[in-house]
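*Asks:* What follows is a single structure, and I will ask about it in a moment.
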Amino acid sequence: MTSEEVKKLFRQYLSRNISDGQKEAVEYWYHSFESEEPLMLSDEKEKQIKEEIWNRIVPALSEPLPNHRNIESFWVNIAAMLIVICSIVFLVSKRHFPHSSRPDLFTEVHTKSGERKKLILSDGSVIMLNVGTKIRISNDFSRLRTVKILDGEVYFDVRKDPSRPFLILNGKITTKVLGTAFNISAYQDLSKMSIAVHSGTVQVSSSKTASILRKEEMFTYDRKSKTSKVEKVGAKILSWQHGVLLLDDVSFEDMVILMEKNFTVKIEANQRFLTKTRYTATLPTSMSPIKAVEVIAAIHNLKIKQLNGTFLLFR
């Protein structure tokens with residue numbers, strides 16, 4: 001059926017000049033939305049759809065009013081168009097927020113700096129939250145299991161269920177699994193985010209790329225250069241689960257963020273070369289904050305001074 005035929009059918013439906021068979025077809029199409037599987041849209045895609053819908057409405061509202069003979073036909077056409085548009089809005093909102101009539105769509109869980117947390121989900125999957133993490137867990141796992149990472153790092157051990165894919169949403173990146181164990185590091189303030197597979201396979205996709213990750217492979221996205229790569233990694237990516245902060249050739253900015261989240265310390269440097277230095281260290285998170293800073297300073301041949309609760313690195 002062409003778009004013109006669809007419009008004609010809606011005009012007939014609104015004017016009640018329609019056969020019982022055609023009326024049944026229209027109503028069946030409308031009620032079929034109830035069986036649609038939810039489709040997660042990125043914020044960018046949702047905004048694009050809203051703009052397209054609005055751009056369809058504006059021209060019709062700005063047209064000059066018709067004469068009296070055609071005014072009934074004019075409003076029937078407008079109403080038909082609005083029904084189609086509202087149906088699209090309904091379908092998109094239903095897919096983006098399944099079961100939106102429920103007030104409790106998700107449960108939000110977070111950890112503070114220095115705090116870690118283990119959760120067992122309703123399907124038997126296990127997730128572990130690293131320090132300074134915030135996530136949202138869908139309350140309805142009946143058709144689609146969904147977790148959204150707002151900030152932080154999470155390890156997933158997903159219970160296998162081919163009939164219910166497990167989706168992890170993180171900005172523009174979507175990770176889809178059926179049953180596997182993997183780690184996602186997605187701190188908003190860090191320059192990079194990563195997805196590392198411990199066992200099984202994982203599908204990682206965005207608006208531009210799609211990758212299949214296997215055991216001991218890691219997908220890394222650089223937020224500054226907007227580039228991504230897949231590389232081999234070992235078990236070191238899971239060091240935080242064993243109470244170890246691993247700084248592996250990180251920037252000064254990333255080092256400062258990770259030290260604050262793990263040891264609740266603030267670090268500064270007023271010498272330019274120090275802010276351009278890359279930092280490497282292995283730090284047990286059980287050590288005291290001042291000891292952790294001392295280790296960083298010793299490894300990189302630096303001195304420290306404590307001023308008003310902030311540690312200043314210098315040489």
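The values are calculated or read from the model by the stated rules, or taken from the named source; none is laboratory data. Predicted, not measured: the structure shown is a model, and the values here were computed from it. No Cβ is skipped: glycine too gets one built from the backbone with ideal geometry, and neighbour counts run over all protein chains shown.
*Asks:* Being more than 12 Å from residue 311 (Cα to Cα), surrounded by 19 or more Cβ atoms within 10 Å (Cβ to Cβ) and among the aliphatic types (A, V, I, L, M), is that true of even one residue in the range 283-294?
*Replies:* Checked the range 283-294: at least one residue is more than 12 Å from residue 311 (Cα to Cα), surrounded by 19 or more Cβ atoms within 10 Å (Cβ to Cβ) and among the aliphatic types (A, V, I, L, M).
*Asks:* Within the range 117-159, track down each residue that is surrounded by fewer than 19 Cβ atoms within 10 Å (Cβ to Cβ) and within 26 Å of residue 254 (Cα to Cα).
*Replies:* Listed by number, the residues that qualify are 117, 118, 134, 136, 148, 150, 151.
*Asks:* Looking only at the range 284-302, how many residues end up being outside any loop (DSSP other than H, G, I, E, B) and within 19 Å of residue 242 (Cβ to Cβ)?
*Replies:* So the count comes out to 4.
*Asks:* Filter the range 216-244 for residues that are in a strand (DSSP E or B) and touching a residue at least 24 places away in the same chain (Cβ under 8 Å); which is farthest from residue 171 (Cα to Cα)?
*Replies:* The residue in question is 244.
*Asks:* Take the residues in the range 189-199 that are in contact with a Lys or Arg (Cβ under 6 Å, 6 or more places away or on another chain) and not in a loop (DSSP other than H, G, I, E, B), then tell me which one is farthest from residue 259 (Cα to Cα).
*Replies:* Applying the filter and picking the extreme gives 199.
*Asks:* Let me ask something additional. Any residue at all in the range 245-268 that's touching a residue at least 12 places away in the same chain (Cβ under 8 Å) and touching a Pro at 6+ places or on another chain (Cβ under 6 Å)?
*Replies:* Yes, that holds for at least one residue.
*Asks:* May I pose another question? Find the strands (runs of 3 or more DSSP E) located wholly in the range 106-188 whose residues include 3 or more that are within 25 Å of residue 217 (Cα to Cα) and in contact with a Leu (Cβ under 6 Å, 6 or more places away or on another chain), and list them.
*Replies:* 145-157
*Asks:* While we're here: Of the residues 66, 165, which single one is modelled with pLDDT under 95 and not assigned by TED's automatic domain parsing to the domain that holds residue 180?
*Replies:* Just one listed residue meets the conditions, 66.
*Asks:* Hey, another quick one. Only one of (1) loosely packed, with under 15 Cβ neighbours inside 10 Å; (2) more than 24 Å from residue 114 (Cβ to Cβ); (3) touching a helix residue (DSSP H, G or I) at 6+ places or on another chain (Cβ under 9 Å) is not met by residue 274, so which one is it?
*Replies:* (1)
*Asks:* Test of understanding: among 266, 226, 305, 208, which residue is touching a helix residue (DSSP H, G or I) at 6+ places or on another chain (Cβ under 9 Å) and over 27 Å from residue 127 (Cβ atoms)?
*Replies:* Among 266, 226, 305, 208, only 266 is touching a helix residue (DSSP H, G or I) at 6+ places or on another chain (Cβ under 9 Å) and over 27 Å from residue 127 (Cβ atoms).
*Asks:* Given the criterion surrounded by 20 or more Cβ atoms within 10 Å (Cβ to Cβ), closer than 30 Å to residue 301 by Cβ and either of a type outside the set (Asp, Glu) or in contact with a helix residue (DSSP H, G or I) (Cβ under 7 Å, 6 or more places away or on another chain) (or both), identify the matching residue among 257, 195, 184, 237.
*Replies:* Result: 237 is the single residue among 257, 195, 184, 237 that is surrounded by 20 or more Cβ atoms within 10 Å (Cβ to Cβ), closer than 30 Å to residue 301 by Cβ and either of a type outside the set (Asp, Glu) or in contact with a helix residue (DSSP H, G or I) (Cβ under 7 Å, 6 or more places away or on another chain) (or both).
*Asks:* Given (1) modelled with pLDDT of 90 or more; (2) surrounded by fewer than 17 Cβ atoms within 10 Å (Cβ to Cβ); (3) outside any helix (DSSP H, G or I), identify the lone condition not met by residue 211.
*Replies:* Here residue 211 meets the rest and fails (1).
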